[in-house]
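First up is the structure itself, then whatever we jot down about it.
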Amino acid sequence: MADTQNATNNNENESAETMQINPQRAKQLVENVTAITKRIEAANKSNRNIRLIAVSKLKPASDILALHQPQPQPQTPAASPPSSPAQPFQTHFGENYVQELLEKSRLLPRSIRWHFIGGLQSNKCKQLAEQIPNLWCVSSVDSIKKCNELEKGRKALLSSSSSSSPSPTTTTTSSSSSTATEPDKLRIMVQINTSGEESKSGVEPADALPLCQHIINNCPSLHLAGFMTIGAIARSHATTPENENEDFVALRRVRADVAKGLGWDETKLELSMGMSADFEGAIAQGSDEVRVGSQIFGERPPKKDAVV
């Protein structure tokens with residue numbers, strides 16, 4: 001198993017090293033992320049750590065590598081002490097389709113932290129959790145069955161990793177870490193249907209506590225990280241830092257209720273709300289992470305035309 005893992009890591013490194021990146025495209029992507037980061041900082045009045053997830057679905061692996069690789073730094077005088085190893089520019093990336101994420105994860109460095117943010121089928125859960133060691137979070141969990149399948153997959157991955165390496169499992173929590181780490185528990189965001197729309201995925205607010213209790217009591221390979229919502233499109237477009245979004249209010253209420261039911265401090269449960277159209281308002285309303293795609297990568301091609 002260790003030899004197989006080493007071969008996989010070597011293949012990833014070779015794929016990344018030989019990947020062609022357009023310098024102008026890379027420059028534009030970096031500028032886009034820099035602009036979004038400045039807007040996040042301006043909206044973050046409480047100086048919390050806000051995680052930016054670059055939503056890279058249907059975009060090529062070369063775009064992701066262009067953003068993940070360390071950016072050139074100004075030259076330091078020869079007399080200066082050696083600088084620390086260069087860190088990735090962007091670490092967290094979000095994908096919506098299991099097969100696309102599987103392909104990209106095999107091509108790109110293990111130091112990327114993948115987030116699965118799309119609708120998830122139960123029969124894909126085990127594969128997703130088992131085959132992507134650097135899958136950092138699944139943000140669209142809405143059933144006990146999906147939790148159980150994710151648990152099976154992550155348990156198998158952790159077991160195989162433990163048996164193939166004599167050293168303890170090591171992980172890092174810094175979002176800027178460039179070191180490929182051993183797999184850890186899989187973070188889970190429970191998706192809440194805050195808008196009540198039938199077309200939206202997610203559990204009803206009243207069902208959130210039992211699902212969270214199931215994760216805690218029956219899924220030792222998973223870590224309950226918090227809650228996610230997408231919400232109604234009309235409310236999203238009307239959201240500003242001054243104009244509260246009802247879906248975001250509802251998600252905060254779910255967190256408060258679940259934390260009380262679990263006997264936890266609310267701060268142990270993160271909130272994931274806010275996308276390209278409303279992330280500044282989401283931050284103002286307490287979101288711990290935002291998911292931004294089109295404002296970083298531009299318009300997406302039709303799924304049938306996308307190239308990994």
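The values are calculated or read from the model by the stated rules, or taken from the named source; none is laboratory data. Predicted model, so just to flag it, every value in this text is computed and none were measured. All Cβ positions, glycine included, derive from the backbone under ideal geometry; neighbour counts span all protein chains shown.
Only one of the numbered conditions (1) free of Cβ contacts under 8 Å to residues at least 24 places away in the same chain; (2) closer than 22 Å to residue 231 by Cβ; (3) of a type in the set (Ser, Thr, Tyr) is not met by residue 272, and that is (1). Being surrounded by 20 or more Cβ atoms within 10 Å (Cβ to Cβ), among the hydrophobic types (A, V, I, L, M, F, W, C), touching a helix residue (DSSP H, G or I) at 6+ places or on another chain (Cβ under 7 Å) and modelled with pLDDT of 90 or more holds for only one residue in 271, 262, and it is 271.
Which of the helices (runs of 4 or more DSSP H) contained wholly in region 130-242 include at least 1 residues that are under 26 Å from residue 65 (Cα atoms) and at pLDDT 95 or above?
By residue number, 144-164.
Going through (1) over 30 Å from residue 162 (Cα atoms); (2) modelled with pLDDT under 95; (3) surrounded by fewer than 11 Cβ atoms within 10 Å (Cβ to Cβ) one by one, residue 38 falls short only on (2).
I'd like the full set of residues that are part of a loop (DSSP other than H, G, I, E, B) and either over 10 Å from residue 104 (Cα atoms) or at pLDDT below 95 (or both), limited to region 60-70.
Across region 60-70, the qualifying residues are 69, 70.
The set of residues in region 261-278 that are more than 17 Å from the chain's Cα centre (by Cα), part of a loop (DSSP other than H, G, I, E, B) and more than 21 Å from residue 46 (Cβ to Cβ) comprises 263, 277.
Residues in region 243-259 that are modelled with pLDDT of 95 or more and in a loop (DSSP other than H, G, I, E, B): 0 in all. What residue, among those in region 279-308 that are charged (D, E, K, R) and either modelled with pLDDT of 95 or more or in a loop (DSSP other than H, G, I, E, B) (or both), is surrounded by the most Cβ atoms within 10 Å (Cβ to Cβ)? By that ranking, first place goes to 289. If the condition is being surrounded by fewer than 16 Cβ atoms within 10 Å (Cβ to Cβ) and part of a helix (DSSP H, G or I), then region 17-27 contributes 17, 18, 23, 24, 25, 27.
With respect to the conditions (1) at pLDDT 95 or above; (2) under 26 Å from residue 145 (Cβ atoms); (3) not in a helix (DSSP H, G or I), residue 119 lacks only one, and its number is (1). For region 235-248, check the following and say yes or no: at least one residue is crowded, with 24+ Cβ neighbours inside 10 Å and closer than 30 Å to residue 133 by Cα. No, every residue in region 235-248 fails to be crowded, with 24+ Cβ neighbours inside 10 Å and closer than 30 Å to residue 133 by Cα. State yes or no: is residue 124 in a loop (DSSP other than H, G, I, E, B), modelled with pLDDT of 95 or more and closer than 28 Å to residue 204 by Cβ? Against the criterion (in a loop (DSSP other than H, G, I, E, B), modelled with pLDDT of 95 or more and closer than 28 Å to residue 204 by Cβ), residue 124 does not qualify.
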